[in-house]
Amino acid sequence: MKNKWRYKQLSEEQIKIQHNLANDLGINPLLAQLLVQRGINNFEEARKFFRPDLNDLHDPFLMADMDKAVDRLTKAMIKNEKILIYGDYDVDGTTSVAMVYKFIKQYHSKIGFYIPDRYTEGYGISFDGINYAARNHFSLVIALDCGIKDMEKIAYAAKLNIDFIICDHHTTSETLPSAVAVLDPKRNDCFYPYKHLSGCGVGFKLLQAFSSKNDIAFSDLVPLLEYVALSIASDIVPITGENRILSYYGLKQINTSPSIGLKEIINVCNLSDKEITISDIVFKIGPRINSSGRIKSASEVVELLISNDVNFSRKKSEILNEYNNNRKNLDKNITDEAIQMITNDKEYHKKKSIVVYQPHWHKGVLGIVASRLTDEYYKPAIVLGRSNGMVSGSGRSVQGFDLYKAIEYCSDLLENFGGHMYAAGLSLKEKNIPLFAAKFEEYVSENILEEQTYPQMDIDCILQFKDITPKFFRILKQFAPFGPENMKPVFASKKVFDYGTSRLVGKEQEHLKMELIDSSSENVMNGIAFGMSEYNTHLKSLQPLNICYTLEENNFNGNTTIQLIIKDMKVENENF
């Protein structure tokens with residue numbers, strides 16, 4: 001499916017701000033344009049953007065119930081109660097558990113952790129988990145990245161004299177669980193200034209508040225920021241405001257002094273000799289951490305993340321790597337099956353959404369498959385499987401369309417659901433699948449906008465090759481860390497030509513290694529276009545191309561150059 005290129009435009013007022021920023025900062029107006037697009041309007045905001053500062057983190061006590069949470073945790077430690085750290089089985093949940101466990105363990109020995117089984121217990125607080133806490137005499141449970149909708153489970157725990165502190169970041173219902181404290185910046189009555197923390201981020205704010213109240217130096221918390229950075233990247237939350245600060249310093253920790261367990265994961269990812277970025281976490285580290293909960297038990301990854309034993313960590317990391325390889329095979333096979341089902345559906349082209357189900361599909365990879373289907377067909381997609389007598393699955397959405405609201409519209413047919421705008425999970429009875437698919441399609445078809453039904457390539461600005469100087473790139477690198485709402489800038493250049501040395505590369509000659517020029521200068525720009533071999537003939541005919549790309553540093557044989565990572569190309573008569 002062809003991308004439509006969409007150019008970000010500045011208003012007249014924003015153009016004035018752009019010029020002021022360029023003058024005040026002494027930078028290329030195109031860089032100032034990128035700042036304005038990111039909501040930065042003056043010198044002070046630019047300073048905070050380019051120089052993230054831990055001192056700019058918000059007071060954690062601005063979060064509703066934070067005082068109650070700190071008081072209850074302090075009481076538990078003073079009275080030597082047993083504390084259980086409970087979390088979801090994904091990256092956000094497991095990093096949260098590892099972080100909070102590791103911190104409290106320094107000051108309190110009666111502590112354990114619990115991760116529910118994805119297949120037998122499902123998402124969120126489980127009755128099995130509460131019964132485990134009761135059997136083992138835990139009187140306080142700190143729930144991380146889950147719990148906000150588990151009213152019945154929390155009420156059950158209270159009958160067993162088990163208190164809960166909930167640290168969640170998912171969308172809340174009107175009614176909150178009857179926990180001792182419910183920490184969630186998305187609560188309607190919570191006036192915490194930043195609403196987009198990850199679950200691990202909310203857990204970090206609890207530790208920050210506890211440390212403040214108990215005279216523990218903030219510097220003691222800084223090593224734990226590696227876990228927060230892992231969660232921010234993997235949970236696809238905006239990298240703005242407080243998340244930008246937390247991820248910036250978390251990446252610094254990962255790149256300078258990672259914990260023993262994380263260092264071994266980095267090694268099996270073959271990343272030990274490079275600077276780790278958000279992208280590396282999303283595509284390499286995160287999937288390996290996730291694979292434990294998808295294939296076997298997420299408790300294994302928590303054991304790894306809190307380990308101080310190099311040999312144990314090395315062996316566990318190698319096991320995670322194997323899990324990840326198994327996961328790749330599973331999700332490829334299921335994706336192929338799902339595509340075949342969609343292809344065989346005669347009504348498919350009339351539909352604005354995708355709902356596919358096979359009882360044998362492995363629950364652990366359904367979210368990945370949903371993501372692949374969304375990329376392939378550019379429609380909101382729900383992928384369902386069955387385990388333990390219940391159908392459950394995951395959904396992914398297209399740019400701008402609120403998947404959570406679409407699923408919420410079908411809530412009368414569901415047993416459980418939760419999630420975000422772009423990713424959600426749900427469970428339902430098998431008999432309700434046709435009704436759900438119809439109602440989901442009804443909502444999507446009535447609410448999706450025309451521009452949300454085809455892929456778009458958002459272009460930040462148009463560059464000429466003369467603009468791509470070492471100084472330009474040096475400042476551009478300071479826009480990192482990149483992620484949602486601060487994505488790596490995408491540039492377009494018009495009427496570029498082959499320098500004469502571009503060539504096909506790759507095992508199947510499927511990629512284009514490009515050397516390009518334009519009319520603005522004598523700069524020859526190196527580029528790589530993955531999977532775009534079909535443009536080679538046009539390139540060799542010396543006809544102009546329009547390209548869009550990101551800029552990256554390429555290190556080869558000790559030489560460092562600026563490289564274009566081509567995202568899309570169009571011939572001159574196509575839409576530019």
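The values are calculated or read from the model by the stated rules, or taken from the named source; none is laboratory data. Since this is a predicted model, take the numbers as computed values, not measurements. Reconstructed Cβ throughout: ideal geometry from the backbone, glycine too, with neighbour counts over all protein chains shown. Note: accessible area is taken over every heavy atom of the protein model, side chains too, but ligands, DNA and RNA are not part of it. Shrake-Rupley method; radii C 1.70, N 1.55, O 1.52, S 1.80 Å.
Computed values, structure above
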{"item": "Percentage of interatomic Cα-Cα distances in the stretch 154-284 larger than 23 Å", "result": "42 percent"}
{"item": "Using θ = phi - 60° and Karplus 6.51 cos²θ - 1.76 cosθ + 1.60, couplings along the stretch 50-64 (whole Hz; Gly, Pro as x)", "result": "7, 10, x, 9, 4, 5, 8, 5, 6, 4, x, 6, 6, 7, 3"}
{"item": "Percent accessible area from carbon and sulfur atoms, the chain, protein chains only, probe 1.4 Å", "result": "49 percent"}
{"item": "At R0 = 25 Å, FRET efficiency that the Cβ-Cβ distance of Asp71 and Lys159 yields, to 0.05", "result": "0.65"}
{"item": "Hypothetical label at Asp273: residues of the stretch 530-563 whose amide nitrogen lies under 17 Å (7 Å Cα-Cβ projection)", "result": "554-561"}
{"item": "Cα-projected label distance for Asn523 with Glu442, points at 7 Å along beta-carbon direction, nm", "result": "5.5 nm"}
{"item": "Span per principal axis, largest first, for the Cα atoms of the stretch 487-529 (Å)", "result": "34, 32, 14"}
{"item": "Per-pair calculated FRET efficiency, R0 = 51 Å: Ile15 and His108 via Cβ, rounded to 0.05", "result": "0.35"}
{"item": "Net lengthening on full extension, Lys48/Thr256 (0.36 nm per residue, minus Cα-Cα)", "result": "72.6 nm"}
{"item": "Overall form of the chain per C-alpha gyration tensor (a/c, 1.5; a/b vs b/c)", "result": "prolate"}
{"item": "Entries in Lys16/Lys186; Lys316/Lys363; Lys284/Lys567; Lys2/Lys195 that, when Cα-Cα distance is taken, lie over 28 Å", "result": "Lys16/Lys186; Lys2/Lys195"}
{"item": "Diffusion coefficient, µm² s⁻¹, Stokes-Einstein with Kirkwood Rh over alpha-carbon pairs of the stretch 81-235 at 25 °C and 0.890 mPa s", "result": "159 µm²/s"}
{"item": "Å³ per residue enclosed by the Cα convex hull of the stretch 519-558", "result": "132 Å³"}
{"item": "0 to 90° range, to nearest 10: angle between helix 91-105 axis and the chain longest Cα axis", "result": "50 degrees"}
{"item": "Compactness of the stretch 428-540 - radius of gyration and Dmax, Cα, Å", "result": "21.3, 66"}
{"item": "Degrees between helix 310-344 axis and first principal axis of the chain (Cα, 0 to 90, nearest 10)", "result": "70 degrees"}
{"item": "Cα gyration tensor, the stretch 6-147 - rounded (a/c under 1.5), prolate or oblate", "result": "prolate"}
{"item": "log10 of Debye I(q)/I(0), alpha-carbon scatterers only, for the stretch 347-474 at 0.10, 0.16 Å⁻¹", "result": "-0.37, -0.73"}
{"item": "Unit charges on C-beta of K, R, D, E only; dipole of the chain, Debye", "result": "760 debye"}
{"item": "Extension gain (nm, one decimal) between His360 and Arg503, 0.36 nm per residue minus Cα-Cα", "result": "47.0 nm"}
{"item": "Dipole magnitude (debye, nearest 20) for the stretch 416-534, charges at Cβ of Lys, Arg, Asp, Glu", "result": "540 debye"}
{"item": "Accessible heavy-atom area order of His196, His511, His360, highest first, probe of 1.4 Å", "result": "His360, His196, His511"}
{"item": "Summed side-chain charge close to Tyr348 - residues other than Tyr348 whose Cβ falls under 14 Å, Lys, Arg +1, Asp, Glu -1", "result": "+1"}
{"item": "Magnitude of the charge dipole, the stretch 318-471, Cβ model with Lys/Arg +1 and Asp/Glu -1, debye to 20", "result": "260 debye"}
